[in-house]
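Step one of this worksheet: look at the structure below.
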Amino acid sequence: MLLAIDTSAGTSVALVDLDRGVIAHHETGDTMRHAEVIGRLIAACLSEADLPVAALSGVVGGMGPGPFTGLRVGIAAARVFALGAGVPFVPVVSHDAVAFGRYRDGHIGGLVVVTDARRREVNWSVYSGADAAGLPIRVAGPGVAKPAVLLEDDWDHAGVPRHDAATVSAADLGLVAELMWAHGHPFAGDEAIYLRSPDVTLSNGPKRVS
């Protein structure tokens with residue numbers, strides 16, 4: 001059984017199992033209060049499932065893409081909870097969860113997943129379809145761009161059906177992790193996917209004092 005956490009777009013927490021499916025799932029679309037709600041949502045899922053922390057086999061963290069401030073809350077919470085529970089931390093690309101949900105619900109063929117990157121930009125990932133296990137096949141991205149870029153006729157993926165996601169389901173994130181493990185797929189990298197340079201940069205030399 002896996003605890004899954006994603007704060008790349010809203011805050012979502014779920015408990016999932018490969019055989020039982022989604023056991024508990026709680027989320028909010030609020031993109032400003034990740035730190036305030038994450039603990040409450042984790043507690044709600046564990047209480048609803050009526051299962052001890054010892055029943056967990058891992059904790060899944062949505063690695064983005066997403067805005068720095070929100071994304072790091074979920075990743076930090078997942079890492080700390082995994083450490084405390086003595087189970088592995090499992091990184092999964094957040095957009096893969098969105099694409100998984102779309103393909104499970106019947107979408108066929110190419111798909112562009114789009115989420116808000118803030119500062120008048122969007123994050124995007126492109127998929128060609130789902131494999132035999134139902135896992136999405138990512139062929140480009142994650143990337144970040146101005147919204148108008150994705151509408152241009154000469155964009156590399158122009159014409160591919162698009163899905164704009166306001167939230168990322170931790171339930172789907174957890175199921176992706178379960179299927180990846182069951183079918184021997186490699187997990188995502190251990191670094192958060194921010195796709196943008198930090199707002200604050202170091203100067204090249206000492207500050208001049210006058």
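The values are calculated or read from the model by the stated rules, or taken from the named source; none is laboratory data. Quantities reported herein were computed from a predicted structural model and do not represent experimental measurements. We place every Cβ from the backbone using ideal geometry, glycine too, and count neighbours over all the protein chains shown.
Only one entry of Pro136, Pro161, Pro147, Pro186 meets the criterion of being on the phi < 0 side of the Ramachandran plot and in contact with a helix residue (DSSP H, G or I) (Cβ under 7 Å, 6 or more places away or on another chain), and that entry is Pro136. Applying the set (1) out of contact with any helix residue (DSSP H, G or I) (no Cβ under 9 Å at 6 or more places or on another chain); (2) not in a loop (DSSP other than H, G, I, E, B) to Ile38 leaves exactly one unmet item: (1).
Among residues of the stretch 17-36 that are more than 17 Å from Ser169 (Cβ to Cβ), those with a beta-carbon under 8 Å from a residue that is surrounded by 13 or more Cβ atoms within 10 Å (Cβ to Cβ) at least six positions away or on a different chain give the pairs Arg33/Thr11; Ala35/Val73. From the list Ala171, Ala140, which residue is under 13 Å from Val113 (Cα atoms), surrounded by 10 or more Cβ atoms within 10 Å (Cβ to Cβ), modelled with pLDDT of 95 or more and among the small types (Gly, Ala, Ser)? Only one candidate passes the filter, namely Ala140. If you go through the stretch 1-35 and keep only what is out of contact with any helix residue (DSSP H, G or I) (no Cβ under 8 Å at 6 or more places or on another chain) and surrounded by 20 or more Cβ atoms within 10 Å (Cβ to Cβ), you end up with just Gly10. Taken together, the residues in the stretch 9-23 that are in a strand (DSSP E or B) and among the charged types (D, E, K, R) amount to 1.
From the set of residues in the stretch 50-92 that are among the β-branched types (Val, Ile, Thr) and modelled with pLDDT of 95 or more, which is surrounded by the fewest Cβ atoms within 10 Å (Cβ to Cβ)? Only one residue tops the list, namely Val80. Listed by first and then second residue, the pairs with beta-carbon distance under 6 Å, at least 6 apart or on different chains, first residue in the stretch 75-87 and without any contact (Cβ under 8 Å) to a residue 24 or more places away in the chain, second surrounded by 16 or more Cβ atoms within 10 Å (Cβ to Cβ), are Arg79/Phe89. For Ala24, the stated conditions hold: it is farther than 15 Å from Ala77 by Cβ and touching a Cys at 6+ places or on another chain (Cβ under 6 Å).
Yes/no matrix, rows are residues, columns are (1) more than 20 Å from Asp6 (Cβ to Cβ); (2) touching a strand residue (DSSP E or B) at 6+ places or on another chain (Cβ under 7 Å):
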| position | (1), (2) |
| --- | --- |
| Ala82 | no, yes |
| Phe89 | no, yes |
| Phe100 | no, yes |
| Arg104 | no, no |
| Glu152 | yes, no |
